[in-house]
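Asks: Below are the structure tokens for one structure; questions will follow.
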Amino acid sequence: MCGIVGYSGSRQAVEVLIDALKRLEYRGYDSAGIAVCGKELQVHKDKGEIAGLEETLPMLKGTVGISHTRWATCGRPSKNNAHPFVDCRGKFALVHNGIIENHIALRKELQARGHKFTSETDTEVLVHLLEENFKGDTHEALLESLKKVKGTYAVAVIRLGSKEVVAARKENPLVIGLGVGENFVASDVTALLNYTNNVLYMMDGESAVITPGSVKLFNESGGRVEREPTLVSWTVEDAEKGGFDHFMLKEIFEGPSAIHNTLLGNLNEIVTGDSIIDSNFSSVKIIACGSSYHAAMVGKYLIETISSIPTTLEFASEYRYSSGAKEMPLVILVSQSGETADTLAAAREARRRGCQTLAITNVVGSTITREVDEVFYTHAGPEICVAATKTYITQLMALYVLGMRIGHSHGALSHDALRLLRSELRSMPQYVREVLENAAAIEEATDMIVNARDVFFIGRNINYPTVLEGALKLKEISYIHAEGYAAGELKHGPLALLNPDMPVVAVCIRDHTYEKMLANLTEVAARDSPVLAIGYDDDTELSSVANRVIGIPKVKPIFTPVLIAVTLQLLAYYTARRKGCPIDKPRNLAKSVTVE
Ligand code: M6R
């Protein structure tokens with residue numbers, strides 16, 4: 001996820017471009033850049049946040065320009081990889097948000113035709129394509145260039161000597177701001193509210209040409225589109241979180257697009273490309289902390305179910321002090337930030353022991369990426385709230401993809417079985433959307449826990465880690481004591497604690513553990529603990545053992561941890577909100593834990 005702004009008007013563009021860009025910093029903050037059209041194309045970019053860029057900004061004169069704040073996906077954060085990119089002749093500057101999947105092949109072709117590249121990014125191919133396709137009209141050249149591209153984009157371009165900003169979008173947002181004698185384009189309306197609240201939302205496949213006095217909108221085949229502008233009622237303050245009350249809620253609602261981005265590219269590579277996954281190992285060890293550890297636990301079930309390869313788990317903080325036995329597993333390290341000190345130490349220890357290592361992380365260029373043999377990026381975009389939400393479900397996605405790849409390369413998963421799993425994975429964004437549509441019912445269910453001092457979460461098998469994660473979410477943001485338990489363990493001790501003041505949240509999916517879960521719920525009901533059950537939305541039996549039921553779409557049991565995690569994230573969020581807690585920054589916690 002990155003942020004884009006474009007401006008064409010009568011003010012000095014630099015002021016608008018920097019001010020508007022700052023409101024998009026939530027979309028990425030590892031590097032930033034700006035290009036302004038004056039007598040020549042003036043470009044200034046650097047690694048780091050926008051404030052740093054501003055401090056070193058030279059005088060950029062001109063009334064047309066583009067700017068960009070980056071969240072690295074392809075190519076580590078660096079000055080060279082920062083946008084905008086300029087073609088070999090210095091005529092075009094371009095900014096991009098999205099992923100160009102076929103960039104390696106395109107780069108080779110362009111290099112063979114003499115184009116010189118200055119970055120490691122996928123984006124740079126676009127500006128070179130533009131240079132080749134330009135025959136006097138930037139818009140036509142951009143459309144021609146985009147035809148060659150596989151992937152997703154929101155893109156904005158300026159050309160030396162022109163007042164136009166040309167933009168196009170596919171699966172990444174762009175909105176046009178309409179002013180008087182000036183017009184704008186941005187990734188998000190939040191960037192524009194200081195200047196206008198009269199906007200045109202661009203639809204997928206559309207492109208636009210913006211000048212100080214006109215805005216022309218085009219459909220995919222280049223035909224003109226007329227659309228009534230929308231008057232946005234948000235204020236600048238509302239907009240910082242995109243209209244959501246908290247970053248946490250915003251990030252939960254970004255789940256479908258985050259999943260989509262994780263799968264993009266990675267899903268097709270399950271059976272292609274070089275990977276240590278195809279090497280000769282007879283066991284897997286997954287190492288992580290906190291929520292990432294819970295994702296790792298789901299990963300264990302997945303890998304063992306799909307590939308039959310024995311898989312063990314270890315807390316990163318414990319691994320380095322363990323004996324290490326004589327095993328040589330493939331070691332998978334899971335860390336959203338890629339900066340967690342314990343996980344970094346574990347990565348170093350695993351390599352010292354001679355193991356092959358693979359990291360699942362969300363942050364391109366983070367320290368862990370330099371400590372391992374191979375990296376799987378989740379591409380969930382920046383997560384600001386301390387509590388992990390969209391990054392958790394995208395870690396699960398990464399583990400599904402890796403599990404399938406291990407299963408396939410180790411001969412345990414046939415092509416047909418792989419095809420079926422892949423097709424269900426592709427539908428996950430839609431299933432998560434359905435869970436989000438049920439947010440009001442989940443909010444209502446908080447009646448059952450908001451006044452409790454303690455809450456139990458119970459589940460079995462692949463959803464045992466899910467309830468651990470649900471309990472962690474609730475305790476960290478609402479400060480209610482919550483415990484996750486394997487449902488079968490309840491009668492071995494904790495049952496003594498149950499009473500009418502202790503609600504139990506139970507995950508009860510129709511799989512091979514269903515009957516046992518129903519029996520556990522009967523035991524809970526016998527102690528008068530109120531039961532909030534989460535099960536398939538067509539399950540009519542659950543209401544006979546639970547006081548309230550929240551339904552999820554009927555996916556294969558193996559995929560339920562994603563949908564239930566989102567349900568429990570919303571449950572924790574709405575509970576904490578009712579209690580007036582500081583949700584995005586819970587007390588005593590930090591987003592990345594860089595001490596051991
Ligand atoms: O960045 P990491 O994934 O390595 O962080 C590990 C934990 O600190 C983290 O998952 C933490 O438990 C969550 N923020 C809790 O929501």
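The values are calculated or read from the model by the stated rules, or taken from the named source; none is laboratory data. Quick caveat: nothing in here was measured; it's all calculated off a predicted structure. Because the Cβ atoms are built from the backbone with ideal geometry, glycine has one as well, and the counts that use them run over all protein chains shown. The area values use the complete protein model at the heavy-atom level, side chains included, leaving out ligands, DNA and RNA. Shrake-Rupley method; radii C 1.70, N 1.55, O 1.52, S 1.80 Å.
Asks: Here are some residues: Val64, Val95, Val43, Val127. Which one is of a type outside the set (D, E, K, R), open to solvent by 10 Å² or more (accessible area, probe 1.4 Å) and touching a residue at least 40 places away in the same chain (Cβ under 8 Å)?
Replies: Val43
Asks: Keeping to the range 280-321, report how many residues are among the hydrophobic types (A, V, I, L, M, F, W, C), open to solvent by 10 Å² or more (accessible area, probe 1.4 Å) and more than 21 Å from the chain's Cα centre (by Cα).
Replies: Adding up the residues that qualify gives 5.
Asks: Tally time: how many residues in the range 509-523 are surrounded by 18 or more Cβ atoms within 10 Å (Cβ to Cβ) and touching a residue at least 40 places away in the same chain (Cβ under 8 Å)?
Replies: Of the residues in that region, 4 qualify.
Asks: Would you confirm, using the coordinates I've provided, whether Leu333 is within 16 Å of the ligand (Cβ to nearest atom), at pLDDT 95 or above, of a type outside the set (Asp, Glu) and open to solvent by 40 Å² or more (accessible area, probe 1.4 Å)?
Replies: Against the criterion (within 16 Å of the ligand (Cβ to nearest atom), at pLDDT 95 or above, of a type outside the set (Asp, Glu) and open to solvent by 40 Å² or more (accessible area, probe 1.4 Å)), Leu333 does not qualify.
Asks: State which residue is nearest to Pro382 (Cα to Cα) when the search covers only the range 205-245 and only residues that are open to solvent by 80 Å² or more (accessible area, probe 1.4 Å) and among the hydrophobic types (A, V, I, L, M, F, W, C).
Replies: Residue satisfying both the conditions and the ranking: Trp234.
Asks: Also, I was wondering about something else. So which residues in the range 299-339 are farther than 27 Å from Leu425 by Cβ and assigned to a loop (DSSP other than H, G, I, E, B), if there are any at all?
Replies: Those that are farther than 27 Å from Leu425 by Cβ and assigned to a loop (DSSP other than H, G, I, E, B): Arg320, Tyr321, Ser322, Ser323, Gly324, Ala325, Lys326, Glu327, Met328, Glu339.
Asks: Just name the residue that is surrounded by the fewest Cβ atoms within 10 Å (Cβ to Cβ) out of those in the range 346-380 that are assigned to a helix (DSSP H, G or I) and either within 12 Å of the ligand (Cβ to nearest atom) or among the basic types (Lys, Arg) (or both).
Replies: The selected residue is Arg352.
Asks: Among Asp584, Asp539, which is the only one that is within 12 Å of the ligand (Cβ to nearest atom) and acidic (Asp, Glu)?
Replies: Asp584
Asks: Could you figure out which of (1) open to solvent by 20 Å² or more (accessible area, probe 1.4 Å); (2) outside any helix (DSSP H, G or I); (3) within 16 Å of the ligand (Cβ to nearest atom) isn't true of Leu472?
Replies: (2)
Asks: Further question on the same structure: Report whether or not Gly3 is surrounded by 20 or more Cβ atoms within 10 Å (Cβ to Cβ), under 29 Å from the mean Cα position of the chain (by Cα) and under 21 Å from Val180 (Cα atoms).
Replies: No; evaluated as a whole, the condition is false for this residue.
Asks: Next question. Please verify whether the range 568-580 includes one or more residues that are closer than 17 Å to Ile259 by Cβ and of a type in the set (Val, Ile, Thr).
Replies: No.
Asks: Ok, one more. Being within 21 Å of Thr394 (Cβ to Cβ), open to solvent by 30 Å² or more (accessible area, probe 1.4 Å) and not basic (Lys, Arg) is the requirement here; does Glu339 meet it?
Replies: For Glu339, the condition - within 21 Å of Thr394 (Cβ to Cβ), open to solvent by 30 Å² or more (accessible area, probe 1.4 Å) and not basic (Lys, Arg) - is met.
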